[in-house]
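Worksheet: the structure to be examined is printed underneath.
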Amino acid sequence: MSGTTARTERPAQPPVRRSTRKKVGTTAERITSDSGHRLSLLRAMLVIRRFEERCVELYSSTKIRGFVHLYIGEEAVAVGVNAALRQEDAVVSTYREHGHALARGVPADAVMAEMYGKATGCSRGHGGSMHLFDADRRFYGGNAIVAGGLPLAAGLALADRMRGSARVTCCFFGDGAFAEGEFHETANLAALWQLPLLLVCENNLYAMGTSLAREHAQTNLAMRAASYGMPAWTVDGMDVLAVESAADRAAESVRGGGGPHFLEAQTYRFRAHSMYDPDRYRPKSEIEQWKKRDPIQELADRMRSAEHLDDSTMRQMEQDVLDVIERAVQSAEDGPTEPVADLLRSVTSAARDTS
């Protein structure tokens, strides 16, 4: 992930873990030393992983239909960033947004029901996998259009700036979206207008099946984002503690009037682009190498080393999470479909008397 121009294809390598010193009493100290907080991060990542694995089974048995883009391997980004945000902040996501929604606090049963297309889903079954939405939690949806969420996030941030609200709008997007005009238009206006916008690029090295080096002449995305005059840096997206620390630093600066910030989270999806994708564009050895940096296992190992986690606690957490997922599946199975009479709800409006 160097900042030099990359023209030749080379197997991507996981980012090197770097140790950082933390000052006692700071947010960073809480993130790295509070065992209860780290346990909550571990559980949040585990919920996403087990939810996604269950979706694979349900998709294979045709319980879930349509497009499904799994988040397996990238859990540290969603969990770390959302841990740094506040309830009043807004989140805009991508089509790979199950993890973002769950980390934001959207209940697993509401997400699973949406996957099933049931009326009890968070989007009443209208959106499915790529269009999760929860206004009460200020989760302003996934978006099937690559980079489509970026202008929406800029609009939310502009509204907060005009109201004088000390809130952050966080927009997740991938390295493929970085190549779209919407990113550059949004970055330019956000910097020009000093919008309270946190741009989080989940760089998993592949835009569908196109590797970063084939698509971008300059692969240092943070450096390119900085050219718009905003603070930008790279973080190890496989380390949830590093992600939360970086996101907390960025979000607080944005909230304090520091204008837009950009985070490039270097991560990797362990599964193919989507359930339809045969995944023939990546060497198997590359995938296996990245799996050694599994964010869930990494945090669990660190907690064990600090004697903050034992096998009994881990087993109980696993069982609790599995119970949550199975209840969500059962709820989705039992949930009603939307009545035919309601199919145009939110599509058309009642005629107004203009006489």
So how strong a dipole does segment 158-282 carry about its Cα centre when Lys and Arg Cβ are +1 and Asp and Glu Cβ are -1, to the nearest 20 debye? 120 debye
Here segment 192-243 gives, from Cα atoms, an Rg and Dmax in Å of 12.8, 35
For labels at ARG137 and ARG315 in the simple 7 Å Cα→Cβ model, what's the distance in nm? 3.1 nm
Suppose R0 equals 56 Å. What FRET efficiency, 1/(1 + (r/R0)^6) with r the Cβ-Cβ distance, do TYR276 and ASP353 give to the nearest 0.05? 0.70
Segment 115-179: Rg/Rh from Cα coordinates, Kirkwood Rh? 1.03
Mean residue ellipticity (222 nm) of the chain, computed from DSSP H runs ≥ 4 via -39,500 (n - 2.57), nearest 500: -13500 deg cm²/dmol
Hey, with R₀ at 35 Å, roughly what FRET efficiency would VAL340 and GLU53 work out to, going by the Cβ-Cβ distance, to 0.05? 0.55
So, with a 1.4 angstrom probe, what is the percent of accessible area on the chain that is carbon and sulfur? 50 percent
How are the alpha carbon pair distances in segment 226-355 distributed across 5 Å bins from zero to the largest one, expressed in percent? 2, 7, 9, 9, 11, 13, 13, 12, 11, 7, 3, 2, 1, 1, 0
Which order do you get for LYS292, LYS284, LYS63 if you rank them by accessible area with a 1.4 Å probe, largest at the top? LYS292, LYS284, LYS63
Report the Cα centroid-to-centroid distance between segment 152-206 and segment 59-125 in angstrom, as an integer. 20 Å
Just how much of LEU205 is accessible, in Å², when a 1.4 Å probe is used and the result is rounded to the nearest 10? 10 Å²
Distance in nm between label sites at ALA213 and GLU307, each 7 Å beyond Cα in the beta-carbon direction? 4.6 nm
Which value results when the Cα radius of gyration for segment 161-280 is divided by 2.2 N^0.38 Å? 1.10
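The values are calculated or read from the model by the stated rules, or taken from the named source; none is laboratory data. Quick caveat: nothing in here was measured; it's all calculated off a predicted structure. In this analysis, Cβ positions are derived from the backbone assuming ideal geometry, glycine residues included, and neighbour counts consider all displayed protein chains. For accessibility, only protein heavy atoms count, side chains too; no ligands or nucleic acids. Shrake-Rupley method; radii C 1.70, N 1.55, O 1.52, S 1.80 Å.
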